[in-house]
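Bear in mind that the values in this text are calculations on the coordinates, not laboratory data. Note that the structure is a prediction, hence the values are computed from the model and not measured. Don't worry about glycine lacking a Cβ; one is built from the backbone with ideal geometry, like all the others, and counts go over all protein chains shown.
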Amino acid sequence: MTPTISDKNLFKIPLSEPFISGNEWKYIKECLDAGWVSSVGSYVTRFEEMVAHYVDTKYAVATVNGTSALHVSLIACGVQPNDEVIVPTLTFIAPVNVVRYCTAHPILMDCNLDTLCIDVQKIINFISNHCEQRKNGYTYNKKTKRRIKAIIPVHIFGHPVDMQPLLALCAEYNIDIIEDATESLGSEYNGKKTGSFGKMGCFSFNGNKIITTGGGGMVVTDNINMAKRVRHLSTQAKRDHFEYDHDEIGYNYRLTNIQAAVGVAQMERIHEFINIKRSNASMYSDLLSEVKDVRFLWEGAHSRSNFWLYAIKVPKAHKKLLIDYLLSKNIQVRPIWKLIHTLPMYRDCQRYAIDNAIEAYDSCINLPCSVNLKKEEIEVVVENIKSYFAEGKAYANKHSNR
Ligand SMILES: Cc1ncc(COP(=O)(O)O)c(C=O)c1O
């Protein structure tokens, strides 16, 4: 079976490991000593304040993971059953699943080949040619007659989506933006942090992200009503803590104090982590520029990426072979996500002009990117990519028919 991201000890050079080397132990011990282990405690508030301050939003609400952050954000912004939400086909599956959790319908959109993020120009074409704005102010899909309530731009691998034209489009057509910034904590577009552009922005602190709480998430927003609603929904919609009075169907989506304690320790080092990620990305990019068949994916215009996950593009015929070659050398690499429109539960969804995403899926590979990746390890990865291409046809002939 193909190894997974969790096969930590299997690889000499793993794909993406957490870097726990600050105050994590100390802060967890404080929680344990004080007995504040669950979803109430000072670390939850501290973590929320730190993230809000860092991304420059007025409010932040911690959640149990990034998926739950996206789910409650969609409910809070008023996505109703039978609404439609535009999402990329090239993404981790969570932002698409949450649309279905709301019994709304995803419309799957293509990606841009430079950053792999959702193709904003195609969204503009779709909305202007295939949708209409009605007197009630909302925009409807001409084909399905359903309301387009929201768009979830995902900042893929940390690279910001081209937000400016998207913001203009959504303002004109009254469509909400819920940013999936789960991979892009600290990335900037026009000098502003991702997550702070949309009505709400969502982060993940899963073990493989730039900072981790083991598992965790956060919703950020400047809108006090949205913040209150997200907090309410994620705490079982409990109106009165003593009487157990609930006023709607809620969720148990709050982060625990222990996890938040880890988050505070990790946030203390976010600048350092991003500098390392960016410097390692530059090193990969420089070294790989010598290899004719390889392109290291870079941030887009007006952007400063956190470079959460590194990706290269290689000729289609080499993708699988190069992955197998590097795995055989104990270097953990992986193909990018299977495109959502090819998965059985989403095959029947409406999709728009998807072709770049197919090319990206056929040619992109993720490379090791942990914060604690050593310079010598980057050299080992690049040397192995070079030897694969040096062996070239001989290797391909020997392995392609197996
Ligand atoms: C793009 C994207 N969206 C959402 C999520 C979901 O976050 P979580 O795993 O914390 O639920 C992830 C990652 O894990 C992701 O990569």
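Both numbers refer to the Cα atoms of segment 78-162; Rg and Dmax are 12.9, 39 Å.
Lys pairs in segment 270-399, Cα-Cα under 12 Å, at least 8 apart or on separate chains: how many?
Lysine pairs meeting both conditions in segment 270-399 amount to 4.
Other residues whose C-beta falls under 13 angstrom from the C-beta of Ala227 contribute a net charge of +2, scoring Lys and Arg +1 and Asp and Glu -1.
Thr91 sits among other residues whose Cβ lies under 10 Å from its own Cβ, and their net charge, with Lys and Arg +1 and Asp and Glu -1, is -2.
Estimated purely from DSSP H runs of n ≥ 4, each contributing -39500 (n - 2.57), the mean residue ellipticity at 222 nm for the chain is -12000 deg cm²/dmol once divided by its residues. Please state the relative contact order of segment 24-267 as a whole percent: Cα pairs under 8 Å, 6+ residues apart? Reported relative contact order: 28 percent.
The order of the peptides 129-135, 109-115 by mean Cβ neighbours within 10 Å, most packed first, is 109-115, 129-135. Going by neighbour counts of Cβ atoms within 10 Å, the residues Met200, Met267 line up, fewest first, as Met267, Met200.
Compute the whole-percent fraction of alpha carbon pairs in segment 270-399 spaced more than 22 Å apart. Result for the distance tail: 42 percent. Taking label points 7 Å from Cα along the Cα-to-Cβ direction, Lys29 and Asp324 give a separation of 5.0 nm.
Most tightly packed first, judged by the mean number of other beta-carbon atoms within 10 Å of their residues, the peptides 51-58, 187-194 read 187-194, 51-58. For the chain, the average shadow cast by the Cα convex hull is 20.6 nm², which is a quarter of the hull's surface. Each Lys or Arg adds one and each Asp or Glu subtracts one; over the other residues with Cβ under 9 Å from the Cβ of Gly300, this totals -3. Spin-label model, Glu172 to Lys228: label points 7 Å out along the Cα-to-beta-carbon direction sit 3.4 nm apart. Packing-based ranking of 286-294, 328-336 yields 328-336, 286-294, ordered from highest to lowest mean Cβ neighbour count within 10 Å.
The fewest-to-most ranking of Lys209, Lys12, Lys122, Lys228 by surrounding Cβ atoms within 10 Å reads Lys12, Lys228, Lys122, Lys209.
Remark: Leu343, Leu326 ranked as Leu343, Leu326, counting other beta-carbon atoms within 10 Å and listing the fewest first.
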